[in-house]
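Readers should treat all values here as calculations from the given coordinates under stated rules, not as data from a laboratory. Only a predicted model underlies this, so the values are computations on that prediction, with no experimental measurement involved. Virtual Cβ from ideal backbone geometry, glycine too; neighbours counted across all protein chains shown.
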Amino acid sequence: MTKRIFRSIFLVALAVFIAGTALIMGALYSYFSGVYEEQIQEEASYLSTAVEEMGLDYLEGLESGSHRITWVGSDGTVLFDNAANEDAMENHADREEIQEAMNGGTGESERYSSTLSQRSYYYALALSDGSVLRVSGEQYTVLSLVVSIWYYILLVLVAALALSLFLASRVSKAIIRPINEIDLEHPEEGDTYEELAPLLGRIAAQNRQIRAQIDEMKTKQQEFATITENMNEGLLVIDQETEVLSYNNAALRLLGASKVEGSVFSLNRSEQFRHAVDQALHGQHSFDLMELSDRTYQLIANPVYEHGKVVGAVLLLLDVTEREERDKLRREFTANVSHELKTPLTSISGFAELMKNGMVKSEDIAHFAGNIYNEAQRLIVLVGDIIRLSQLDEGTTGLEKSQIDLAEITKAVVDRLHSAAEQRGITFDLQLESAMVQGNAQILDEMVYNLCDNAIKYNRDQGKVRVSVSPNAGHPKLVVSDTGIGIPYADQARVFERFYRVDKSHSKEIGGTGLGLSIVKHGAAYHDAKVELESVPGKSTTVQVLF
Ligand code: ADP
C-alpha cells in the first residue's frame, strides 16, 4: 500500500512539476512575445509619423537598429530597406501584412525559419500616400529556447524528480503511519482517519464476536476435558487417516501407552483393534471384545460423519475383565449347581424306583429309605449353601447387622459339632475370649460352622481341633486349626472356589458340598475380614479370619 501511494504521489508530483514548468515557460513566452510585438508596433507608428513628414531622408538618416525597417510603395515596390539593397528586392505587394495594411491601415504576420528556431514578426502601417511602412523583428521560438537552455531544463527536471521522490516518500509514510498505528485488538481506541471508522467499527465487532466464540469454545473444551478425564473408559477420536485427534488418560492407561504419536495403531496393533478401526472408518459400528495383557476390554467403535461422509471415528474402550470373569463364574456355577443337584436326585429317584417296583426286600427297606434320607439331607444342605452364597453375591440386602460376640457364636457351633467330633475321637481345644464383631449372626455362624466342620471332616481319627477367638486389639481374630490330612500346596489357592474339592469322592462321602470355604470367603468379605489359609499336607490345616 505504501508503495502504491508513493508511486501515485511521485507521478502526480512529477507531472505537476513538469506541467507547471511548461505552463510557466509558455505563459512567459507569450507575454514577452506580446511585449515585443507592442514595441515593434510602437516603433512602426513613431516611424510612420516621421516618414510622413520627412520622407525617405529620415529613413536614410537613421542609424541601423535591431529591427528591420522596410518602406514599400503603393505599387508594392520596395522604396527603402535598412537590411538589404532595395533595388534587388522583389515586389512586396503580395505580402500578407502589406496587403492587410493597404486594405485596412494596419497589418501583421509572422513567419518561421526553416529550422523553426526563429520567429519573424512583421507589422505594417499604411501612410497617407498609399505607401506602407513595415517594421519587423526576429525572436527565438519556444523550441529554440528549449534547445538553447536544455541544460537548465534538465537541471530543473532532476530537481523536480528529487523533490517528487522526497515528497512522495514523506507524504506516503505520513498517510500510512496512522493506519499502521491502529491497534487491531482495540481498533476503536486509536485516533485515525474518520473514513476508516466504519471499517474499524466492523473489525471491533468481529473481534468481540471472535472473543466470545473462543470463550465459548474454551468452556466447551474444558467441559469435554473434565468429562473425558474423569471417565474410566478410554476415549479416542481419530481422523480418516487414523491420526489421533483427541484422547483421554484412561485410553493411554488401558492401552498401556505413555503418549500418542501419529496413528492410533501406534497404541495397539492387534488384529481386533485394527479390524474395529477399519470397520468404523468404513461407516460401520463395531462392538468387539479384546484381550490385552490378561485383561478383557470392550472396544466400541463408531464412525463420525460430516456432510454424509465418514471423516473419522470415536473409539471407546471399557475394561470388562471383572464383568467377564463374573459371567464366566456364573456360567460355571450354574453348570456345577445343575450337576450337583442332579446326582443326589438321580440316587433318590433310583432308590425310590426300586422300592416302588417291589424290588427291595422288606428288611432292606429301612436301609434304602435311609439312603434316600441321606441324599435328601445332602440336597437340603446343598440348596441351603447355594441360597446362602447367592444371598452373599447379591450384597446380602435384607440381612441385619448387629454387635455380636464371636466367642459366643463359636461356642454354640462347637457344641453343635461335639457329637460328630466325638464319634471320631476328635477333641476340641478352645481358647475363646469375648470379641465383638459388627455383623450378621447367621452368616458368622455359618462361617465358623464350615471351618470347624472341615476341621473335623478332614481330620484323622483321634485328631485335634484348636479353635481360638481373640479381640486382638479391635481386630477380632478367629483361628481354626486341625491335625488332619492337610491340603496339597497346588490346591491351596483354589479351595475357596465354588465346588472346588481336593478329593471329590471323599468330600461327597463325608457330606461336603464344595461350597463351605466359598461361603467363608464371601462371608468374610461381607464383614470386611481377611481369610488366610496355611496347610501342611498330611499334617495340619489352619484357617485364620481377621476382622
Ligand atoms: P467341602 O464341602 O467339600 O468341604 P469346602 O469348600 O468346605 O467344601 O472345602 C473345599 C475343599 O477344601 C474340600 O473339599 C477339601 O478338599 C479341602 N479342605 C477344606 N478344609 C480342609 C481342612 N481343614 N483340611 C483339609 N482339607 C480341607
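Key figures
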quantity	calculated
Sparse-neighbour loop sites [chymotrypsin sites (Phe, Trp or Tyr not before Pro); the range 75-128; at most 15 other C-beta within 10 Å; DSSP]	none
The range 324-393: translational diffusion in µm²/s, Stokes-Einstein, Kirkwood Rh over Cα pairs, 4 °C, 1.567 mPa s	94
Modelled FRET efficiency - R0 56 Å, THR106 with ILE5, Cβ distances, 0.05 increments	0.50
Selection from VAL244, HIS285, TYR31 lying farthest towards where the dipole of the chain points positive, charges on Cβ	HIS285
Radius, Kirkwood style, for the range 128-235 when every pair of distinct Cα atoms is counted (Å)	22.1
Spatially proximal lysines relative to LYS173 (Cα-Cα < 19 Å; intrachain offsets below 8 disregarded)	LYS3
Unit charges at the beta carbon, dipole of the chain: most positive-side option, TYR489, SER402, ALA455	ALA455
Lysine-lysine proximity count for the range 402-546, Cα under 21 Å, sequence distance 8 or more or distinct chains	16
Extension gain (nm, one decimal) between PHE224 and ASP239, 0.36 nm per residue minus Cα-Cα	3.6 nm
Largest to smallest principal axis extent of the C-alpha atoms in the chain, angstrom	201, 58, 38
Low-density loop positions, GluC sites (Glu not before Pro), the range 39-91 - DSSP coil, at most 10 other Cβ in 10 Å	GLU63, GLU90
Only Lys, Arg (+1) and Asp, Glu (-1) charged, at Cβ; the range 493-547 dipole about Cα centre in debye	160
R0 of 56 Å, Cβ-Cβ distance GLU408-GLU271: FRET efficiency to nearest 0.05	0.40
Cβ-derived FRET efficiency at R0 56 Å, GLU261 paired with ALA19, nearest 0.05	0.20
Distance (nanometres) between label positions extended 7 Å along Cα→Cβ at TYR373 and ALA84	17.8
Cβ charges +1 (Lys, Arg) and -1 (Asp, Glu), total dipole of the range 402-546, debye	380
Residues in the range 287-303 that a label on ASN232 would reach, taking backbone N under 13 Å of a point 7 Å out along Cα→Cβ	298
Share antiparallel - DSSP beta bridges, the chain, percent rounded to 5	90
Gain upon complete extension [LYS173, LYS401; 0.36 nm per residue less C-alpha separation]	73.0 nm
Most positive-pole-ward Cα, ILE380, LEU341, LEU354, against dipole of the range 324-393 from beta carbon charges	LEU354
Whole-number Å³ per residue for the convex hull built on Cα positions in the range 231-319	80
Equivalent ellipsoid semi-axes - Cα gyration tensor, the range 112-154, angstrom	34, 9, 5
Net dipole in debye of the chain [+1 Lys, Arg Cβ; -1 Asp, Glu Cβ; about Cα centre; nearest 20]	6040
18 Å Cα-Cα reach of LYS259 towards lysines, excluding residues that sit fewer than 8 places from it in its own chain	none
Within the range 229-323, trypsin sites (Lys or Arg not before Pro) in DSSP loop having at most 12 other beta-carbon neighbours inside 10 Å	LYS259, ARG269
Candidate lysines for bridging to LYS401, where Cα separation is under 17 Å - those fewer than 8 sequence places away on the same chain excluded	none
Computed label-point distance, nm, for sites LEU62 and PHE166 using a 7 Å Cα→Cβ extension	5.2
Estimated 222 nm signal from helices in the chain, with DSSP H stretches of n ≥ 4 weighted -39500 (n - 2.57), rounded to 500	-17000 deg cm²/dmol
Paramagnetic reach from ARG323 (point 7 Å along Cα→Cβ, amide N under 18 Å) across the range 234-270	234-236, 250-251, 254-255
